[in-house]
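The values are calculated or read from the model by the stated rules, or taken from the named source; none is laboratory data. All values reported here derive from a predicted model rather than from experimental measurement. Every residue, glycine among them, receives a Cβ derived from its backbone with ideal geometry; neighbour counts consider all protein chains shown. Accessible surface areas use protein heavy atoms only, side chains included; no ligands, DNA or RNA. Shrake-Rupley method; radii C 1.70, N 1.55, O 1.52, S 1.80 Å.
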Amino acid sequence: MDKLLGRISTMSGVLGVGALTVNTCLYNVDGGERAVMYDMLRGGILDDVRSEGTHFMIPFVQRPIVLDVRTRPREIPSVTGTKDLQMVNIKLRVLWRPIYEKLPQIYRELGADYDERVLPSIGNEVLKSVVAQYNAEELLSKRQEVSHRIRSELVKRASHFHLDLDDVAITHLTFGKEFMRAIESKQVASQEAERQAFVVKKADQERMAVVTRAEGEAEAASIITKAMEKNGNAIIEVRRIDAAKEIAEKLANSRNITYLPSAASGGSGGSSGSSGPGLLLGIDAK
C-alpha cells in the first residue's frame with residue numbers, strides 16, 4: 001500500500017512538473033495582436049512575427065513581446081502660424097496601425113511605445129509646414145485641399161517609420177481673437193457695401209422711371225400740339241367736354257353738394273343786369 005501511494009505521489013509530481021513545463025513553454029496571441037520574440041542566444045529580437053494563436057517558446061531563453069496592431073485613432077493638436085502671420089489652433093485626427101512585417105524593426109528601433117515617439121513629432125512637423133503655405137482665409141475656403149496635402153505629407157513621413165495611416169482629417173480649426181474680430185468687421189463692411197449698392201441701383205431705376213415718364217409726357221404734348229396745329233382748338237374743346245362730364249358725374253353722385261343761385265339771377269322784376277354764375281357748395285352732412 002505504501003509503495004502504491006509512493007508511485008501515485010511520484011506520478012503526480014511528474015505530471016505537475018510536466019504541466020508547469022508545458023505551460024511555461026506555451027504562450028497565446030489574441031485577436032488583433034502580433035508577437036515578436038526576444039531570444040537571448042540568437043542576439044535579441046528575431047525577424048519573424050508570430051500571428052494569432054498559441055505558440056511555443058524556450059523558457060528562460062526566449063521571451064515573447066505582444067503588440068497591438070489594430071487600427072487606432074490619435075489626435076494631434078498644434079498651434080502654428082499661417083502665411084499672413086495669423087496664429088491658428090488646429091487638431092488632426094489620424095487612424096493608424098503598424099505594418100505587421102516591420103514589427104521587429106519597429107520594436108528594435110522605437111520600443112513598444114513607438115506611436116508616442118513618432119506620431120506627435122511628425123504630425124506637428126507636417127502641420128506647421130503645410131499651414132505656413134496658406135493664408136488664414138485660404139485655410140477656410142480651401143479646407144479640403146489643405147486636408148489632402150496634410151494627409152499626403154503625413155503618409156509619406158509615417159512610411160519612414162513603418163506606419164500605415166488609414167485616414168487623416170482636420171477636426172478642429174480656430175483662429176485668434178484679433179483675426180475673428182477682423183472677420184466680423186469685414187462681414188459687416190461687406191453687408192453695408194451690398195446695402196449701398198442696392199440703394200444706388202434703386203436710385204438708378206427711379207431716375208430711369210422719371211426720364212421715361214418725362215419722355216412720355218413730352219411725346220404726348222408734341223402729339224397734342226401737332227393736333228392743334230392741324231385741327232385748331234377742337235381737341236381742347238373735346239378735352240373740356242370730357243372733363244366737365246366727369247365732374248358732373250362726380251357731383252351727381254355726391255349727397256353733400258348744394259347749388260346756390262347768384263344774387264342777380266334770384267332778384268325780382270326782371271332786372272336788366274347780367275346774371276352771374278351760380279355756386280356749388282359742399283355742405284357737411286354732420
I need the full set of residues from the range 79-104 which are in contact with a Pro (Cβ under 9 Å, 6 or more places away or on another chain) and among the polar types (S, T, N, Q), in order please. Asn89
Filter result for the condition that a residue is part of a helix (DSSP H, G or I), small (Gly, Ala, Ser) and either surrounded by 10 or more Cβ atoms within 10 Å (Cβ to Cβ) or at pLDDT below 85 (or both), over Ser254, Ser222: Ser222
From the list Val29, Val69, Val36, exactly one residue is within 30 Å of Val130 (Cβ to Cβ) and modelled with pLDDT of 90 or more. Which is it? Val69
Residue count for the range 150-171, restricted to those that are over 18 Å from Gln105 (Cα atoms), crowded, with 17+ Cβ neighbours inside 10 Å and not aliphatic (A, V, I, L, M): 2
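Here's the yes/no breakdown for (1) farther than 30 Å from Glu101 by Cα; (2) at pLDDT 90 or above; (3) part of a strand (DSSP E or B):
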| position | (1), (2), (3) |
| --- | --- |
| Gln133 | yes, yes, no |
| Val146 | yes, yes, no |
| Val155 | no, yes, no |
| Ile170 | no, yes, yes |
| Met180 | yes, no, no |
| Gln191 | yes, no, no |
| Arg195 | yes, no, no |
Among the residues of the range 75-85, is any open to solvent by less than 70 Å² (accessible area, probe 1.4 Å) and farther than 30 Å from Gly176 by Cα? no
What number goes with the only condition from (1) more than 24 Å from the chain's Cα centre (by Cα); (2) farther than 26 Å from Arg72 by Cβ that Lys142 does not pass? (1)
Return the pairs, sorted by first residue and then second, in which the second residue is acidic (Asp, Glu) and outside any helix (DSSP H, G or I), the first residue lies in the range 128-155 and is within 20 Å of Phe179 (Cβ to Cβ), the beta carbons are less than 8 Å apart, and the residues are 6+ apart or on different chains. Asn135/Asp84; Ala136/Asp84
It is to be established whether one or more residues within the range 54-63 are in a strand (DSSP E or B) and surrounded by fewer than 13 Cβ atoms within 10 Å (Cβ to Cβ). yes
Residues located in the range 20-53, provided they are touching a helix residue (DSSP H, G or I) at 6+ places or on another chain (Cβ under 9 Å) and in a helix (DSSP H, G or I): none
Does the range 22-52 hold any residues that are open to solvent by 30 Å² or more (accessible area, probe 1.4 Å), of a type outside the set (S, T, N, Q) and free of Cβ contacts under 8 Å to residues at least 40 places away in the same chain, and which are they? Val22, Leu26, Asp30, Gly31, Glu33, Tyr38, Met40, Leu41, Arg42, Gly43, Arg50, Glu52
Might you let me know whether the range 78-97 holds any residue that is closer than 26 Å to Asp30 by Cα, more than 30 Å from the chain's Cα centre (by Cα) and of a type in the set (Phe, Trp, Tyr)? no
